[in-house]
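Down below is the structure, laid out as structure tokens.
Each value in this text was obtained by applying a stated rule to the coordinates, not by laboratory testing. Model, not experiment: these values are computed from the prediction. Methodologically, a virtual Cβ is constructed for each residue, glycine included, from the backbone with ideal geometry; neighbour enumeration extends over all protein chains shown.
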Amino acid sequence: MSVNDWVITQRLTKEELTKRLMNLHNRFAGNTYRHKNGGTYTIEHFSILSRDGGAEIAVNYVETNDGVIECYVPHTRPAREFFDGRFTLVSSSGE
């Protein structure tokens with residue numbers, strides 16, 4: 001997905017936002033990624049990040065070790081950053 005796929009450029013209805021977030025959840029939730037500086041993280045869900053008069057999709061994730069939550073401290077990051085190469089897929093929830 002490109003950076004533009006994560007930015008919300010037009011006003012969407014609640015139903016459209018819900019559908020978009022659920023599609024992302026179904027595709028990525030439960031997948032585990034390794035950060036380029038170490039640490040593994042599992043995606044829990046997606047949300048809307050509103051700032052500076054705009055909005056974009058955010059990834060909500062927790063640190064894990066072999067699929068077990070290390071310490072429940074949720075992290076949130078714009079999806080465009082999460083998926084820009086700084087995190088690499090370790091395991092898919094579909095495996």
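Side notes on the structure shown:
- The set of residues in region 1-52 being under 14 Å from residue 82 (Cα atoms), assigned to a helix (DSSP H, G or I) and within 14 Å of the chain's Cα centre (by Cα) consists of 3, 5, 6, 24, 28.
- Within region 81-94, residues that are touching a residue at least 40 places away in the same chain (Cβ under 8 Å) and closer than 17 Å to residue 46 by Cβ have Cβ atoms under 9 Å from residues that are of a type in the set (S, T, N, Q) and assigned to a strand (DSSP E or B) in these pairs: 89/32; 92/32; 93/32; 93/42, counting only partners at least 6 apart in sequence or on another chain.
- Qualifying residue in region 50-58 (condition: in contact (Cβ under 8 Å) with a residue 40 or more places away in the chain, acidic (Asp, Glu) and touching a Leu at 6+ places or on another chain (Cβ under 7 Å)): yes
- Summed over region 53-87, residues that are farther than 21 Å from residue 21 by Cα, outside any helix (DSSP H, G or I) and not hydrophobic (A, V, I, L, M, F, W, C) total 7.
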